1. What are the aspartates and glutamates whose alpha-carbon lies under 13 Å from the alpha-carbon of Lys274, with same-chain residues fewer than 8 places away excluded?
2. Would you mind ranking Lys151, Lys331, Lys320, Lys185 by Cβ crowding within 10 Å, fewest neighbours first?
3. Can you give me the Cα centroid spacing of the range 274-328 and the range 177-215 in angstrom?
4. Can you list the residues, at least 5 places off or on another chain, whose amide H is less than 5 Å from the amide H of Ser214, using H built in the peptide plane?
5. Give Lys392/Lys438; Lys339/Lys379; Lys151/Lys456 a once-over and call out the pairs whose C-alpha atoms are over 18 Å from each other.
6. Report ³J(HN,Hα) in whole Hz for each residue of the range 313-319, in order, from the Karplus equation J = 6.51 cos²θ - 1.76 cosθ + 1.60 where θ = phi - 60°; Gly and Pro get x.
7. How far apart, in nm, are two points set 7 Å out from the Cα along the Cα-to-Cβ line at His375 and at Glu435?
8. Add -39500 (n - 2.57) for each DSSP H run of 4 or more in the chain, then divide by its residues: what number comes out at 222 nm, to the nearest 500 deg cm²/dmol?
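Just so it is clear, none of the values below were taken in a lab; they were calculated from the coordinates. Since this is a predicted model, take the numbers as computed values, not measurements. In this analysis, Cβ positions are derived from the backbone assuming ideal geometry, glycine residues included, and neighbour counts consider all displayed protein chains.
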Amino acid sequence: MPRTEGGDIVDATNITEQWARIIDRLHTEVGDVEYRTWLRQMTLVGAEGDEVTVHLPTRFLRDWVSARYGARITALWQAEEAAIRRCELRVGGPVAQVVNGVASHIAGPDIAEPESLPATIAAPEDRSEPKFELTAALDARFTFDGFVVGKPNEFAYACAERVAQQPSAHGFNPLFLYGGVGLGKTHLMHAIAWELTKRNETPGQAPIAFTYMSAEKFMYRFIAAIRSHSTMEFKEQLRNVDVLMIDDLQFLIGKDNTQEEFFHTFNYLVEAGKQIVVSSDKSPSDLTLEDRLKTRLGCGMVADLHTTTYELRLSILETKAARAGGVVPVKVLEYLAHKITSNVRELEGALNRLLAHANLFGRAITLESTHEVLHDLLKAHDRRVSIDEIQKKVAEYYGIRVSDMSSARRARQVARPRQVAMYLAKQLTSRSLPEIGKKFGNRDHTTVMHAVSRVKELMERDGTFAEDVDLLRRLLES
Ligand code: ADP
Ligand code: MG
């Protein structure tokens with residue numbers, strides 16, 4: 001039985017069984033194709049202290065699995081065994097090292113030779129494809145019309161529209177859409193594609209060839225091309241497009257030849273005056289890509305999709321409820337806009353669940369039914385940020401004492417941060433104005449109300465201030 005550093009004993013049989021359950025779970029979550037392509041080759045090697053080690057046969061696979069599934073695997077481990085804090089993914093053979101007596105074959109025996117990158121990856125559909133299907137299916141709902149514009153996304157929206165109207169417009173190439181999960185990056189890219197499709201169908205217009213695909217798909221296709229000895233065709237095809245859109249560039253990882261290939265294609269297209277649009281949840285400089293690629297990516301237009309404001313969330317909900325033809329009381333929409341602050345995808349999910357539920361049971365949507373139907377979701381959001389955390393972060397940010405959040409001091413250098421904290425408390429928690437006032441040295445709810453509108457007003461007028469508040473919100477929400 002393996003001993004852990006902390007003195008705890010990790011049971012080898014137990015850990016093997018837990019791993020089997022995790023694998024099962026992952027398999028279900030990601031589906032058969034993804035599982036077989038990426039995850040099947042994982043081998044549990046052992047556990048030590050609060051860490052589990054898992055092997056993958058190549059660096060490429062390791063990087064890929066780590067980027068895409070690392071967090072999920074760790075979370076699943078933690079759910080199985082609270083003592084486990086980390087799951088190390090390493091490059092190694094199936095049973096090469098036996099740590100603490102644990103080695104398992106659960107992952108299956110079909111392991112290819114280490115570091116032989118592309119050949120180890122099964123690409124089920126691609127075996128005999130002569131031509132490359134380069135554009136992913138477009139979501140019919142993701143149009144410019146279907147995109148609700150507000151302060152946090154108006155710039156990105158305008159840039160995307162501009163590119164759709166006039167690809168390769170000076171200053172907009174490459175267009176880099178940058179923003180957190182579920183804020184509309186994919187939506188805007190599809191919208192560009194739809195717009196181009198529409199244009200191409202208009203008689204008398206010179207057709208504009210475009211390609212939209214995720215960075216993963218790009219890698220996948222490229223690897224398939226290598227395997228079928230058709231990289232030339234692949235490159236040719238890519239170089240023939242007028243607009244190349246690559247979604248979720250953060251998944252283009254590792255210093256292998258796909259990155260190299262992307263770089264060359266990218267350069268070629270930019271130099272040929274073609275339009276590139278990419279999206280990522282990281283800024284160009286934060287991407288783990290080669291410097292020269294980062295530099296090129298950042299030298300066009302970088303358009304942020306900021307976290308949503310209450311106003312934007314409400315207007316998205318109103319629009320979507322109206323489109324779905326459902327009757328949702330304003331109170332419910334306001335409540336959701338207050339509560340679900342993370343991203344638009346979740347907001348949409350919540351609304352859809354409410355509508356489906358109402359439809360199924362033929363009952364009107366009320367605040368009560370909302371609580372009932374969205375119980376689990378809302379609970380998760382309640383835990384998100386506390387007023388204490390907000391006060392602490394804001395005080396830290398502005399370099400004042402946390403105690404000043406509730407002190408009577410009215411000097412501007414403490415009063416303004418205090419107002420910001422009140423504003424964030426209103427935006428990020430479900431607390432009422434009186435409750436918030438109480439947390440800030442027993443202030444009256446009208447003081448909180450005043451703070452909220454003052455901060456809003458300042459954000460409109462002062463871009464730097466707005467950025468500060470935005471940054472704080474991101475910090476608190478992350
Ligand atoms: P991302 O690619 O940034 O993770 P998506 O573009 O997939 O996010 O958006 C997630 C969901 O939220 C999609 O269903 C999308 O239509 C919707 N969505 C995001 N922003 C907006 C918006 N401003 N208006 C309408 N729908 C939006
Ligand atoms: Mg996306």
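1. Those aspartates and glutamates meeting the cut-off are Asp242.
2. The most exposed by this proxy come first: Lys331, Lys151, Lys320, Lys185.
3. 14 Å
4. Those qualifying (amide H under 5 Å, at least 5 residues apart or on another chain) are Asp247.
5. none
6. Result, ordered by residue: 4, 5, 6, 5, 4, 4, 4 Hz.
7. Inter-label distance under the simple model: 1.9 nm.
8. One gets -16000 deg cm²/dmol as the mean residue ellipticity at 222 nm.
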